[in-house]
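> One structure, as structure tokens, below. Some questions next.
The values are calculated or read from the model by the stated rules, or taken from the named source; none is laboratory data. None of the values given here were measured: they were computed from a predicted structure. Cβ atoms come from the backbone with ideal geometry, glycine included; neighbour counts cover every protein chain shown. In case anyone asks, the SASA skips ligands and DNA or RNA and just uses the protein heavy atoms, side chains included. Shrake-Rupley method; radii C 1.70, N 1.55, O 1.52, S 1.80 Å.
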Amino acid sequence: MDAQDGAGRMQDDDAVAPRAGAAGDAGPEIGPDADQRLALARQFLEQIPHARALGMVVTALGAGRAEIAMKWRPEFVGDPRTGVLHGGVVSALMDTCCGAAVMADDSGPRSTATIDLRIDYMRAAKPGQDIRARAECFHITRSVAFVRASALDDDDGNPVATATGAFTVER
């Protein structure tokens, strides 16, 4: 993944490795050049201003799957009395992770942009805990990708939020 177009959409010129891992698992096995692909995804994320400002880091990448993590920071707190992360931080993380999952699809989209993203907040993230999002592009047509995601803190079995979305696909 190497660039962003003028509209801020993700672009990718490389093909993506075949799907690996169990459903919902970004999977550590992402092909023979897994380390290189992960490094490219990390470099790409560093080019997105909001992702860089929020300290987002790609932690796993597979065909049609992505995981992005963020460290908890006091400036991300929405309620100073409780230390709970602001919902906008969770939303930005999930949206970015969904876009990364689209870009990692086997069909090799060149760019993507969010059409629609529904986020259901299940509970507050635990104060002081890092947060991560996992996304899977589960269906893709000629021009639209459909993605589902979850945001998690240290309690993997109890999501902070879930999301479903539709993203443009440009080839």
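> Condition check: more than 19 Å from Asp155 (Cβ to Cβ), open to solvent by 20 Å² or more (accessible area, probe 1.4 Å) and either of a type outside the set (Ser, Thr, Tyr) or at pLDDT 95 or above (or both). Does Glu67 satisfy that?
Numbers: more than 19 Å from Asp155 (Cβ to Cβ): no; open to solvent by 20 Å² or more (accessible area, probe 1.4 Å): yes; either of a type outside the set (Ser, Thr, Tyr) or at pLDDT 95 or above (or both): yes.
Answer is no for this residue.
> I'm checking my understanding of the structure. Among residues of the stretch 40-57 that are open to solvent by 40 Å² or more (accessible area, probe 1.4 Å) and under 14 Å from Ala104 (Cβ atoms), which one is nearest to the chain's Cα centre (by Cα)?
Initially, the stretch 40-57 is screened for residues open to solvent by 40 Å² or more (accessible area, probe 1.4 Å), giving 40, 42-43, 46-47, 49-50, 52-53, 57.
Then keep just the ones that are under 14 Å from Ala104 (Cβ atoms); that gives 40, 42.
Numbers: Leu40: 14, Arg42: 11 Å.
The residue in question is Arg42.
> Give, as residue ranges, the strands (runs of 3 or more DSSP E) completely inside the stretch 72-170 that count at least 1 residues that are open to solvent by 10 Å² or more (accessible area, probe 1.4 Å) and free of Cβ contacts under 8 Å to residues at least 12 places away in the same chain.
Qualifying strands (runs of 3 or more DSSP E): 77-79, 131-140.
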